Amino acid sequence: MAAKGSPPMSVPHLDTRIIDDKRWLLFGPYAGFSTRFLKNGSLFDLPKSVRLDNILPLLAVARDNFPLEEYLVGQVLQSASHRYDSLREFYPQTNVADWEVVVAGQRVQIIRKDKAHTGKLEFGTEIVHSADSSIVAVLGASPGASTAVSIMVHMLENCFHEQLVGHWVPKLKEMIPSYGYDLKTDAALSARVRADTAETLNLSKH
C-alpha cells in the first residue's frame, strides 16, 4: 500500500524487466523534478509553457494540492540512503551493493482548466489530435498493459472513424474478438476471451 498521505501513483512495486537482453529487478517509484518536458529537452520547457491564459489554473492547482506538493518536495530532497530505506521496508533482506539508482522515465503533468476549481490535475491519459487527425499524441500517464489497447481503440474511433467503419472493423475484430460487444452482459464471449487469453499467456486453469 502507498504510505499514509502519499498519492496513488507512489504505490511501491517490484518489476522484472528485460533491458538490453539482461534481466533486471526494478523497484520504485521515486519522484524527481525537472523543468524539461523530455528527458533530453530544454531546461526552459516549463518556464516557456507559462502564459497569461494559464497562470490562474497553475496557481489553483498549487492551492488545492498542497499534500501532493509536500510529498513531491520530500521525494526530491531524499538522499540515496533514504531511497534504500524505502526499499528495505518493502524488501528487508535487500543488499545495497546489489542495487543502483537510475532515472527510469519522465512524465509531464497535465493541468486542465476547470470552471469549478479554475484548474485541476489530470492523472489519466488523454488523446490530443489535430482537426484533420494528421497528428495524434497521447498525453498524461503512460498507458500500461491494462489500458493501452482501450486507449488506442478510442483513438481509432475518434480520429479515424471513416476508415474504421469502411475497412478496418473486420481486422480489428480479428485482433480483438470482443470488439463491439459488452463482456459484462455476454457470459459466453467473456468465458471464451478468458480461455483464449489464458492459453496465449500459458496460464494455469487453476
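Any read-out appearing in this document is the output of simple, stated calculations on the displayed coordinates, not a laboratory observation. Quick caveat: nothing in here was measured; it's all calculated off a predicted structure. Virtual Cβ from ideal backbone geometry, glycine too; neighbours counted across all protein chains shown.
Report, ordered by chain and residue number, the aspartates and glutamates lying within cross-link reach of LYS113, taken as a straight Cα distance under 13 Å and ignoring same-chain residues fewer than 8 apart.
Within the straight-line cut-off, LYS113 pairs with ASP53, GLU122.
So what's the net charge close to GLN109: Lys and Arg +1, Asp and Glu -1, counting the other residues with Cβ under 14 Å from its Cβ?
-1
Which net charge results when you count Lys and Arg as +1 and Asp and Glu as -1 among the other residues whose beta-carbon is under 10 Å from that of PHE37?
In short, +3.
Work out, in µm²/s and without decimals, the Stokes-Einstein translational diffusion coefficient of the stretch 127-200 at 20 °C, 1.002 mPa s, Rh from Kirkwood over C-alpha pairs.
It diffuses with D of about 152 µm²/s by this estimate.
Taking θ as phi - 60°, what are the ³J(HN,Hα) couplings along the stretch 73-81 by the Karplus curve (6.51, -1.76, 1.60), each to the nearest whole Hz, with x for Gly and Pro?
Computed from phi, the couplings for the stretch 73-81 are 4, x, 5, 5, 7, 5, 8, 4, 5 Hz.
Quick one: which residues, 5 or more positions from VAL108 or on another chain, have an amide H under 5 Å from its amide H? H modelled 1.01 Å from N in the peptide plane, none for Pro or chain starts.
GLY140
Translational diffusion coefficient of the stretch 8-123 at 37 °C, 0.692 mPa s, Stokes-Einstein with Kirkwood Rh over Cα pairs, in µm²/s as a whole number.
196 µm²/s
Applying a 10 Å radius around every beta-carbon, put 37-44, 190-197 in order of their mean neighbour count, most first.
190-197, 37-44
Treat the count of other C-beta atoms within 10 Å as a stand-in for reagent exposure and order MET175, MET155 from fewest to most. All intermediate terms of the calculation are to be shown ahead of the outcome.
On the way: MET175 11, MET155 16.
Ranking MET175, MET155 by Cβ neighbours within 10 Å, fewest first, gives MET175, MET155.
Which cross-chain or sequence-distant (5 or more) residues have an amide H under 5 Å from the amide H of GLY28, H modelled 1.01 Å from N in plane?
The answer is HIS13.
Just to be sure I understand the curve: with the Debye formula and one point per C-alpha of the chain, what is log10 I(q)/I(0) at q = 0.07, 0.16, 0.18, 0.19 Å⁻¹?
-0.33, -1.30, -1.36, -1.40
Which order results if TYR179, TYR30 are arranged by neighbouring Cβ count within 10 Å, fewest first?
Ascending Cβ contact count within 10 Å gives the list TYR179, TYR30.
Let's see if you can work this out: charge +1 on each Lys and Arg Cβ, -1 on each Asp and Glu Cβ, no other charges. What is the dipole magnitude of the stretch 127-200 about its Cα centre, in debye to the nearest 20?
It comes to approximately 160 debye.
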